[in-house]
Amino acid sequence: MSLYREENKIDLPRMRQYRVERARAAMEEAGIGAYLCFDPANITYLTDTYTYRLEPLLARNVLFPRTGDPILYEWGYRWQRVRDELAPWLKGNVRPGWRLRFFLNRGLKPKEFLDDLKKVMKEAGVADQPVAIDMPIVTVDLAEMFKSEGITLVDGFPSLNKARGKKSADEIQCLRISMAICDEIFYEIQKTIRPGVRESDLAAIAAELSIRRFCDGPVEIVGCSGENTNPNMLGYSDRPIRPGDMIFVDLPGVRYRSYHSCYYRTFTCGKATQRQKELFDETHDLLYKAMAKIKAGNTTADICAAWPGPEHWGGKNWRDVSDCAIGHGIGLHNQEAPTVTPLFSFENPVTLEEGMCIAIETFYGSKPGEAVRQGARIENIVVVEKDGYELLTRWPDDKITECWI
């Protein structure tokens, strides 16, 4: 008997091909000979493989010559199993990794790494073209070494980030599943919120359930209550929740097949007060005014124009209150293209395209001098469509979720 599963809607071979060809087209447009990637999200994008917590060692990377196929340099001696069993779609293009951090920390030249890179580039017919690396900190360390070997190194992150901005139907389905897992987490959090429960308890719920649902890697969470909601303290603490507290939770690191969530909802411990409802309603209105501008052909500047000026949040300029009304692309990174912010979207607008996935979020809180310091925050994820958007985040956002009632 076959069972219906949401995962069955994802055509993995099609998704892998789409991502590789998007990256190849980005290289052609930018005149790049090859991508050299160390960022885990870019490694996943090009190879559909994932390992976390190895970034500081620079132990995994991908070399993708424009005229060839991605080559994965894998951690440790497991590279043989990845090549022979676990990633047949890489067509045997898996090799042992280099652990470049060992060389860089000691000021040594990784000669074998550079010789191998030059050999791959020559075989692909792109030896005279730039290599685009995706991590600027590595660029600083390696630039002179590459130059001494006759290799031009450029920043590859902008072009690859742009390529990743437009999602395929399969990538969007991965995001839908991530959001569904978040809905389940919010339900468990709703049942848990009561006096004495700590912000860290909410984080533990998110972490445990994410692992049970086979999400990738460690799960980040923002779980703020009471005065920690205004300003947003962007984390969790051992603060116990008390009756009457306003609480908001963000799930920015729940990821199915590495596709991220970033999903705020606001709760109260007990019945919401009139003031809490007012703060929430203003947050909601600010959010939906911006969402009304989301459709293909509009720009990030159009979205920002829907918001009032920084003085609405008590700021003299947007730098003072830059996190109160923002948006960003979402995918294998928590922060992808396009970026939506009054800080620079007016001067540097990006045109929205069908298939872009955007997390849009707003905040509004009590004013200085009020008896209770508190705030509300809501965030939704949408897929840009021709005449509007598809909403992926389905936990109700039209009113505060009241708990312990």
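The conditions of being within 26 Å of Tyr389 (Cα to Cα) and either of a type in the set (Val, Ile, Thr) or touching a residue at least 60 places away in the same chain (Cβ under 8 Å) (or both) are met by Arg257. When restricted to residues that are at pLDDT below 90 and touching a helix residue (DSSP H, G or I) at 6+ places or on another chain (Cβ under 8 Å), segment 76-101 contains 4.
Here Gly125 passes the criteria (1) touching a Cys at 6+ places or on another chain (Cβ under 8 Å); (2) farther than 22 Å from Ser148 by Cβ except the one numbered (1). When you check Lys119 against the structure, is it assigned to a helix (DSSP H, G or I) and over 24 Å from Ala163 (Cβ atoms), yes or no? Criteria met by Lys119.
State yes or no: is Thr393 open to solvent by 20 Å² or more (accessible area, probe 1.4 Å), closer than 26 Å to Arg257 by Cβ and at pLDDT 95 or above?
No; evaluated as a whole, the condition is false for this residue.
The one condition from (1) among the polar types (S, T, N, Q); (2) surrounded by fewer than 19 Cβ atoms within 10 Å (Cβ to Cβ); (3) in contact (Cβ under 8 Å) with a residue 60 or more places away in the chain that Asn298 does not meet is (3).
Residue by residue, here is whether (1) buried (at least 24 other Cβ atoms within 10 Å of the Cβ); (2) over 23 Å from Asn161 (Cβ atoms) holds:
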| residue | (1), (2) |
| --- | --- |
| Val321 | no, yes |
| Gly331 | yes, no |
| Thr339 | no, no |
| Val372 | no, yes |
| Ile378 | yes, yes |
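Of the numbered criteria (1) open to solvent by 20 Å² or more (accessible area, probe 1.4 Å); (2) farther than 24 Å from Ile133 by Cβ; (3) part of a helix (DSSP H, G or I); (4) at pLDDT 95 or above, the one Glu7 fails is (4). The number of residues in segment 129-147 that are modelled with pLDDT of 85 or more and part of a helix (DSSP H, G or I) comes to 2. Taking segment 354-370 as the range and being in contact with an Asp or Glu (Cβ under 9 Å, 6 or more places away or on another chain) and open to solvent by 70 Å² or more (accessible area, probe 1.4 Å) as the test, only Glu354 passes.
The condition of being touching a residue at least 12 places away in the same chain (Cβ under 8 Å), hydroxyl-bearing (Ser, Thr, Tyr) and open to solvent by less than 70 Å² (accessible area, probe 1.4 Å) does not hold for Thr351. For first residues located in segment 262-285 and in contact (Cβ under 8 Å) with a residue 24 or more places away in the chain, partners that are outside any strand (DSSP E or B) and among the small types (Gly, Ala, Ser) and lie 6+ apart or on another chain with Cβ distances below 6 Å form the pairs Gly270/Gly244. Contact map, segment 13-33: residues that are over 14 Å from Ile133 (Cα atoms) paired with residues that are aliphatic (A, V, I, L, M) and in a helix (DSSP H, G or I), Cβ distance under 8 Å, separation 6+ or inter-chain. Pairs shown: Arg19/Leu46; Val20/Leu46; Arg22/Ala163; Ala25/Ala163. Might you check whether a residue that is open to solvent by less than 10 Å² (accessible area, probe 1.4 Å) and charged (D, E, K, R) occurs anywhere in segment 302-313? Within segment 302-313, not a single residue is open to solvent by less than 10 Å² (accessible area, probe 1.4 Å) and charged (D, E, K, R).
The values are calculated or read from the model by the stated rules, or taken from the named source; none is laboratory data. The structure displayed is predicted, hence computed values, not measured ones. All Cβ positions, glycine included, derive from the backbone under ideal geometry; neighbour counts span all protein chains shown. Calculation scope for accessible area: heavy atoms of the full protein, side chains included, ligands and nucleic acids excluded. Shrake-Rupley method; radii C 1.70, N 1.55, O 1.52, S 1.80 Å.
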